[in-house]
Amino acid sequence: MRRQEAAAGDTHSMEAWSAVSARLGVLQVVPDMMPNGPARATVDLAAAVVAAGGRAVVASGGGPLVVDLLRCGATHILVPFHHVSAFARWSNLRRLMRAIRKYRISVVHGRVPESAWLGKKAAQLSGAWFVVTCHGNHDVSSIVARRRNAVMAYAERVIAVSQTVADYLRANYPMPSGRLSVVPPGIDLLRFDPTHIGAERIAQLAQHWRLPDGVPVVMLPGRLTPSRGHRDLIESIAGLASRELHCVFAAEDPGSPGYRRELTKLALRRGLEKKLVMADDCHDMPAAYMLADVIVYARADATGFARVVGEAQAMGRPIVAYDSPLLREQVGDGRMTWLVPPGNRAALGEAVAEALDLSPAERRALAPEANAVARQRYNRATAAAAMIEIFLELLTEAQAA
């Protein structure tokens, strides 16, 4: 392998490091650190690398989760990946190369194709290993899209977040045996633990959102962006006009002001303005889940790990979602989940009504089942250990070469 050709000053020169932990330097490349799946997985992996005695560095365009990165002991480097000029790409590559030298990086880990290409180039120039995580089924409908996503073909290891994604990769990006691994993301099971959420936290949130006592709450968690399906939920609830309920759009960070105005106008046209709460400043999502009677995940293009669904399962909440192979894999045979055809607003409304009809006794009986699925499949410690093991395998190969 090309590791044998590395120069004496290369990051893979074994003389300088006597222990694996000393050789473990991981640079993750991600477009931004907004509260999304790839960014949260980035924080989790950085914490695991630090805990393993390694050096965790993240290059991104910045965002709220940078604070969490720094808190776990990782280093953040601001790299404006959204700048696409030739000079900007050259400048960004220089930033990555400086970081690789300064922090003795042995593994460069890309998470999104657009920024992963630059990570691939930096790894190639430095002799570092290149690893890619595929967070979903990327678009393969055009030659341009396939070329953009083909960065995975250059990685020494490719990580799929689910078996469904792994099957997609095998079909569209053939790679040598042993190069592809499945590592489902973990969620914070301590934070999203229903036994840790006191009634006072739930009551404070209900009061803050001015929700009336005793009225069922249908919640769609996630940033206010069109792909999340907010419009579909408004339309589906409009079909349940006779039901008394409140609909809450809960997110940890503000979405587009224009999209918020759009949703407000739609709710007004459907006569739901008094039933809709848009809370895009929620800093206590665990309490928000517990406040909800039904959680909705209405992405019609769901192709990656649905973190909202995993968190809702951990909290033992009923879930209504648009059907997809990945969602079916994620929820299994869960009796607290209703999957309906994507884009079918009438079916979405009917499923919400059925979930609301669960009796308190049924909820109490089924909640532990959903919680157990999440704890078994999406344990953050298990996911972190699997990733560290992959990195150590690469370092062991380098040492044996």
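The values are calculated or read from the model by the stated rules, or taken from the named source; none is laboratory data. Keep in mind the model is a prediction, meaning the values are calculated, not measured. Note that we place each Cβ from the backbone using ideal geometry, even for glycine, and neighbour counts take in every protein chain shown. The protein model used for the area step is the full one, side chains on, heavy atoms only, and it has no ligands, DNA or RNA in it. Shrake-Rupley method; radii C 1.70, N 1.55, O 1.52, S 1.80 Å.
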| request: Can you tell me the 0 to 90 degree angle between the C-alpha axis of helix 380-400 and the longest principal axis of the chain, rounded to 10? | output: 10 degrees
| request: Would you please classify the overall shape of region 192-347 from the alpha carbon gyration tensor, given that a ≥ b ≥ c denote the square roots of the eigenvalues, rounded means a/c under 1.5, and beyond that prolate means a/b larger than b/c while oblate covers the rest? | output: rounded
| Nearest 10 degrees, 0 to 90: what angle lies between the long axis of helix 86-102 and the longest principal axis of the chain (Cα atoms)? | 70 degrees
| What is the chain by shape, rounded, prolate or oblate, if you read a ≥ b ≥ c off the alpha carbon gyration tensor as root eigenvalues and call it rounded for a/c under 1.5, prolate for a/b larger than b/c, and oblate otherwise? | prolate
| query | So how much accessible area does TRP90 have, in Å² to the nearest 10, using a 1.4 Å probe? | reply | 140 Å²
| request: Output the peptides 348-359, 22-33 sorted from most to least packed, where packing is the average of other Cβ atoms within 10 Å over each peptide's residues. | output: 22-33, 348-359
| Å² of accessible area per residue within the chain, as computed with a 1.4 Å probe and no ligands counted | 44 Å²
| In terms of solvent-accessible area of protein heavy atoms at a 1.4 angstrom probe, what is the ranking of ARG380, ARG40, highest value first? | ARG380, ARG40
| field | Helix 257-269 axis, angle to the chain major axis (alpha carbon atoms, nearest 10°) | value | 20 degrees
| Which percent of the accessible heavy-atom area of the chain goes to carbon and sulfur, probe 1.4 angstrom? | 54 percent
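Hey, if we sort LYS274, LYS102 by accessible area with the 1.4 Å probe, largest down, what's the order?
Highest to lowest solvent-accessible surface, that is LYS274, LYS102.
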| message | Students often forget the sequence filter, so: which lysines lie under 24 Å Cα-Cα from LYS274 once same-chain residues fewer than 8 apart are removed? | response | LYS265
| field | Counting DSSP beta bridges with both ends in region 196-314, the antiparallel % (nearest 5) | value | 0 percent
